[in-house]
Structures are given as C-alpha cells and as structure tokens.
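Q: Dumping the structure here so I can ask a few things about it.
The values are calculated or read from the model by the stated rules, or taken from the named source; none is laboratory data. Keep in mind that what you see is a predicted model, and the values were worked out from it rather than measured. For neighbour counting, all protein chains shown are included, and Cβ atoms are generated from backbone atoms with ideal geometry for every residue, glycine included. Please note that ligands, DNA and RNA were not included when accessible areas were found on the heavy atoms of the full protein model with its side chains. Shrake-Rupley method; radii C 1.70, N 1.55, O 1.52, S 1.80 Å.
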Amino acid sequence: MGRGGYKKSRADPTRDGGAFMALPWAVVDSDAYRGLSHTARSLFIDIARQYNLKNNGRLLASKNFLRQRGWQSSDVIHRALRQLLDSGLIYMTVQGHRPNKASWFALTYYDLFDDPRFDPNAFQGFRRGAYKMHSLDRQTTQRQPA
C-alpha cells in the first residue's frame, strides 16, 4: 500500500488502458507475414486478438464470430484463412463441421494450450515457429505460371 492507504496504480499514463496484443517483431518481419494479403493480415489480427495466455488452440475464425468484427463474406474469410494456414502463422486444432461446430486455431508463435477437446494428432502436428519455415522465394516460385 502506498501513502494515504491507497494502492499505487502501475497504469502507464502515456497509453490507453486495458489489455493489449503482443505481436513479436520476429513474426511481423517474417517472410510468412510479409507474404500475406492485406485481408489475411487483418484476419490474423482478429484471430490473435482473442489470445489470453490460456486459450491458444481455441481461437475462432467462424463467420458468425467474425461478423461482430466487421467481416461479411465467407469467401473472403476462407481465402484469408487458407493463406494463414499455408503460411504457418496459425494451425487448426479442431476441424469444424456443420451445422454448428466451429474450427479452432492456434497461433504458432506461442506454445499450444493443452485441451482434450482438440482433434486427435493435433499436438503431434503442431510446430511452434512453423511460420519461420515459410519463404517468399518459395512462395513466388510456386505462383509462377508453368
């Protein structure tokens, strides 16, 4: 307790309060991130925004969830999600299915949270830092017409 019987706040007066999202420079500077479309980068931010230290592997990217964040098109979400999965920045831990089970995702720059509801082999397939294996050279080579 500080003087006068009140607890001194550690709040930083130079920034707005509340929680924040940590996005390491190593991720933002990686070829995987730099090779994303602007749409995929936006989706990545909306997925990463959900992380709270205890839920990596249970992050959502369903249209119903993303609608409240301004996303409208299922096709746009699907294309951006495919880019994120291909880049290694996210990993699917649960495959969703109709009518009402959403897929779950993990950020690969954090360890995977332990949850028995993950699909079988989710832990074996997860690679922390998988985005580091992505190369812009490989991406441009793959996209060139034959």
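Q: If I filter region 99-110 for residues that are in a loop (DSSP other than H, G, I, E, B), among the polar types (S, T, N, Q), modelled with pLDDT under 95 and loosely packed, with under 14 Cβ neighbours inside 10 Å, do I get at least one hit?
A: Yes, region 99-110 has at least one match.
Q: Now a separate question. Filter region 33-49 down to the residues that are within 13 Å of the chain's Cα centre (by Cα) and part of a helix (DSSP H, G or I) and list them by number.
A: Once the filter is applied, which keeps residues that are within 13 Å of the chain's Cα centre (by Cα) and part of a helix (DSSP H, G or I), region 33-49 yields Tyr33, Ala40, Arg41, Ser42, Leu43, Phe44, Ile45, Asp46, Ile47, Ala48.
Q: Looking for something open to solvent by less than 30 Å² (accessible area, probe 1.4 Å) and at pLDDT 95 or above - is there at least one such residue anywhere in region 18-30?
A: Yes.
Q: Right, something else. Can you find, within region 46-86, the residue that is modelled with the highest pLDDT among those that are charged (D, E, K, R) and under 12 Å from Ser103 (Cα atoms)?
A: In this case the residue turns out to be Arg58.
Q: Can you pull out the residues in region 50-80 that are outside any strand (DSSP E or B), under 21 Å from Gly129 (Cβ atoms) and in contact (Cβ under 8 Å) with a residue 40 or more places away in the chain?
A: Those that are outside any strand (DSSP E or B), under 21 Å from Gly129 (Cβ atoms) and in contact (Cβ under 8 Å) with a residue 40 or more places away in the chain: Tyr51, Lys54, Asn55, Asn56, Gly57, Arg58, Ala61.
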